[in-house]
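To keep things clear, I will list the structure first and then write my remarks on it.
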Amino acid sequence: MTSEMIRAEISSILQERQGISVNMKIKNRMRLWAVVLAVTLSAGTLGCGTEKAAAAVSEAVSSEVKETPEEGQNPEQSETTETEQTEQIQPTEPETAEFVAALDNVVSDTPPAGEPNLSWAEKKLQAMTVEQKVAQLFFVAPEALTGVSAVTRTGDVMKQSFAACPVGGILYSTPNLEGPEQTVQMTGGLQQYARELTGIPVFISIDEEGGKVTRIAKNASYGVNNVGNMKSIGDTGDVSAAEGAGSYIGAYLSANGFNMDFAPDADVLTNPDNTVIGPRSFGSDGQLVSSMAAAFSRGLASQGILACYKHFPGHGGTGEDSHEGYAYTYKRLEELRQCDLIPFAEGIRNGLQVIMVSHVSCPGVNGDDTPATLSPRIVTGLLREEMGFEGVIITDALDMGAISSHYEKTEACRKALEAGCDMLLICGDFKSAYEGILAQVKNGTIPESRIDESVLRILRVKETLGLP
């Protein structure tokens, strides 16, 4: 039943009613609210036809608006007595308008019969253009978005660049960070502009693991301490130390306008000669790393910072640097399950929402050199289907040598999406990749439904984080 039908019905009945006392008017108005609300909700929920619903409201209101005798009063005398004792009144136009406006709110909050009650994320997805959807897939450095060598504020260039391509996430790094006041203005300005422009907030992230990988703690302008390498914390065996480190980092990230940290490093360091990961890992035991990574993430979450586990399916057993070229783990799937995958599995059970997939090649799983980021077997088959991860999957930077030495950028992005990744991390120029993916969605090479799957996951994580 529509609000227009109810408005017409109520207005008609109210205009016909005269001679209601002030006291009786208040009582009857209260009854009227209750009856109309019940009938309206029943009509919407049970799918009553509009004619029947209108008739039900009319009958209910007509019955309830009639004068009801006071307690102990003779019903036959009630109308005469009330009329004689109290001046006759008629609902005024403002009163009727106020009542009907309130009623409209009740009706508008009740989904029509047969229509789903959509979440914020679902509503946003339905309203987005294909250009906005594709933009939401990209997680980029501000320099990649603007073409400026070192972005340190959200000025006209940044706003114009974001308006042209409202990406899903921005990764800030050392050149962007001068001090607390500057950083807050930069991150806050971007977030405010994104909300005003699209109504969709941005993931604002940083690599702040602690120890050798920090962007803020190494800058004295911020006045914070470096919590140290994760290996040192792992060596203590004290999970509260890991949680404390996460909370400390989360506090200063939150204060500077960030809502995500590309941390913790959940790699199990099974190759002691691995210098790429090295002390970034909590240790060489899967259960220890799992407990420590979970605690660190709880610390981040306590400060409103979203954790991103990395580098799935595990970079700790490699001997090469994927920044330079292919990095290999020769473990078979069962070996990964017994060690490297333990922290990720535990994180998923704990409600982990974001995982970064590495460019590590797993010939023991894939049968070839395909990097994990581009492997349907690893991303969809293992992470999504076997391990049950429903959150957002981000690629490691697609500018890294393991990808850029073997794949053209648009090709790499397409393969990552086909593998099952949701967000494409690019620190260099990404516009050709954006335009390439957009063209392939428009010509049907990449189904728009596939893009919708990823965008909905992204929006849902933003919704659960409380960003909207």
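Residue exposure proxy: CYS165, CYS362, ordered by other Cβ atoms within 10 angstrom of their Cβ from fewest to most, comes out as CYS165, CYS362.
Listed values for the range 257-265 are Karplus-derived 3J(HN,Hα) couplings in whole Hz (6.51 cos²θ - 1.76 cosθ + 1.60, θ = phi - 60°), namely x, 8, 10, 9, 10, 6, 6, x, 7, and x replaces Gly and Pro.
Remark: the range 209-215, residue by residue, has Karplus-estimated 3J(HN,Hα) of 7, x, x, 6, 10, 9, 10 Hz, where x stands for each Gly or Pro and the curve is 6.51 cos²θ - 1.76 cosθ + 1.60 at θ = phi - 60°.
By the scheme Lys and Arg +1, Asp and Glu -1, what is the net charge of all other residues having a beta-carbon under 11 Å from that of GLY314? With Lys, Arg at +1 and Asp, Glu at -1, the net is -1.
Neighbour counting of Cβ atoms within 10 Å sorts the residues THR464, THR318, THR154, fewest neighbours leading, into THR464, THR154, THR318. Counted by neighbouring Cβ atoms within 10 Å, the residues ILE342, ILE233 run from fewest to most as ILE342, ILE233.
No lab work stands behind these numbers, since they all come straight from the coordinates. Please read all numbers here as calculations on a predicted model, not as lab measurements. Every residue, glycine among them, receives a Cβ derived from its backbone with ideal geometry; neighbour counts consider all protein chains shown.
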